[in-house]
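Asker: I'd like to ask you about the structure that follows.
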Amino acid sequence: MNCIQTNNIEISYDLYGAGEPLVLIGGFGMTKEFWRLQVPALAPHFQVLTFDNRGAGESTVPSEAFTLADMASDTIALMDALNIPSAHIFGVSMGGMIAQLLCMDYPGRIKKAVLGCTSHGGRHATQPDQGVMAALAQAANSALTPEEAARQLAPYLFSEPFVREEKERIEAFIRLSVANCISVEGAAGQMNALGCFNAETRLGEIHCPVLVVAGGGDRLIPPENSRFLSEKIPGAALRLIQNAGHNFFFEKSDEVNEILIDFFLNR
């Protein structure tokens with residue numbers, strides 16, 4: 001296991017390939033293993049850095065409360081430790097919120113940013129419908145096993161056709177989720193950090209090139225949030241992946257990887 005000590009915690013990471021640095025920032029409960037469909041495609045073009053956010057995987061689960069700003073600081077500290085002065089970033093869901101803070105608070109460190117299936121947070125963000133919220137609450141029930149929770153969430157993370165037609169890939173995702181499930185304490189810490197995030201009034205501070213990407217059928221963070229981000233971030237472009245849900249980068253990995261390579265290398 002590769003790890004650094006920073007901000008009074010340990011951060012676990014992996015580094016692949018060579019070229020311009022590209023940092024992949026996971027969402028709620030995600031670990032570096034969830035990028036397995038991106039790393040092989042991206043590593044021939046970039047030096048790809050994956051890591052476990054605090055509270056998840058092999059990184060420290062803090063006993064005290066923390067914020068997404070703390071998690072952005074962790075990302076910069078990891079880059080410092082690895083002698084990465086600046087990097088491209090791709091963050092999904094909660095990772096897209098962390099990416100927004102990186103663009104705002106550390107502008108000299110970010111070359112280009114892709115914000116995936118995310119929002120600016122706060123009460124003005126477009127929320128999932130009540131059925132989705134009820135399913136999320138049930139999945140968070142500590143009485144469920146990790147496998148039961150993963151199966152409860154799958155229909156809301158992926159598009160209906162994918163769930164219906166790609167059963168082997170759904171099973172692979174469930175196995176991945178069970179093998180790398182977040183602890184109760186880690187989940188509570190990350191959820192609290194999510195609940196405190198609101199960058200709506202600061203979006204105009206982002207000046208690096210930005211591409212906003214989302215699944216057109218995202219039920220967890222509706223694509224209206226991505227449209228809003230693309231409208232409020234100066235110069236940002238929007239790309240909606242058709243027939244894909246929240247985990248669009250898993251469902252449509254080949255298409256998404258091509259989009260990332262093109263944006264970071266050519267635009």
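Asker: How do the peptides 91-98, 209-216 rank, highest first, by the average count of neighbouring beta carbon atoms within 10 Å per residue?
Answerer: The most tightly packed comes first, giving 91-98, 209-216.
Asker: Under the classification rounded if a/c is under 1.5, otherwise prolate if a/b is larger than b/c and oblate if not, where does the chain fall, given a ≥ b ≥ c as square roots of the Cα gyration tensor eigenvalues?
Answerer: Rounded.
Asker: Would you mind working out the magnitude of the charge dipole of the chain relative to its Cα centre, with +1 at each Lys and Arg C-beta and -1 at each Asp and Glu C-beta, to the nearest 20 Debye?
Answerer: Roughly 460 debye for the chain.
Asker: Shifting gears a bit: Of all DSSP beta bridges located in the chain, what percent are antiparallel, nearest 5?
Answerer: Working: 10 of 33 bridges.
Approximately 30 percent, going by the DSSP bridge assignments.
Asker: A further question on this structure: According to the square roots a ≥ b ≥ c of the eigenvalues of the Cα gyration tensor, what is the shape class of the range 127-264, taking rounded for a/c under 1.5, prolate for a/b larger than b/c otherwise, and oblate for the remainder?
Answerer: Oblate is the answer for the range 127-264, as a/c is 1.5 or above yet b/c matches or exceeds a/b.
Asker: Starting from the Cα of Glu205, step 7 Å toward the Cβ, then list every residue of the range 101-145 with an amide N under 19 Å from that point.
Answerer: Inside the label zone: 101-115, 119-125.
Asker: How large is the helix-only mean residue ellipticity at 222 nm for the chain, computed as the sum of -39500 (n - 2.57) over DSSP H runs with n ≥ 4, divided by its residue count, in deg cm²/dmol to the nearest 500?
Answerer: For the chain, the value works out to -12000 deg cm²/dmol.
Asker: Just the number please: accessible area per residue for the chain, 1.4 Å probe, all protein chains included, in Å².
Answerer: The answer is 43 Å² per residue.
Asker: Separate question: What's the extension gain from Asp14 to Asn83 if we count 0.36 nm per residue and subtract their Cα-Cα distance?
Answerer: Working: separation 69, 0.36 × 69 = 24.84 nm, distance 1.43 nm.
Additional length available on full extension: 23.4 nm.
Asker: Label the range 217-259 by shape, choosing from rounded, prolate and oblate, from the square roots a ≥ b ≥ c of the eigenvalues of the Cα gyration tensor; if a/c is under 1.5 it is rounded, and otherwise prolate applies when a/b is larger than b/c, oblate when it is not.
Answerer: Cα axes put the range 217-259 in the oblate bin.
Asker: With all protein chains present, how much of the accessible area of the range 109-189 (probe radius 1.4 Å) comes from carbon and sulfur, to the nearest whole percent?
Answerer: Working: 2370 of 4350 Å².
The C+S portion of the solvent-accessible surface of the range 109-189 is 54 percent.
Asker: Counting pairs of Cα atoms in the range 24-127, how many percent are more than 19 Å apart?
Answerer: 41 percent
The values are calculated or read from the model by the stated rules, or taken from the named source; none is laboratory data. A quick note: this is a predicted structure, and the numbers were derived from the prediction, not measured. Cβ sites come from the backbone with ideal geometry, for glycine too, and all protein chains shown count toward neighbours. Remember, those area values only see protein heavy atoms, side chains included, never the ligands or the DNA or RNA. Shrake-Rupley method; radii C 1.70, N 1.55, O 1.52, S 1.80 Å.
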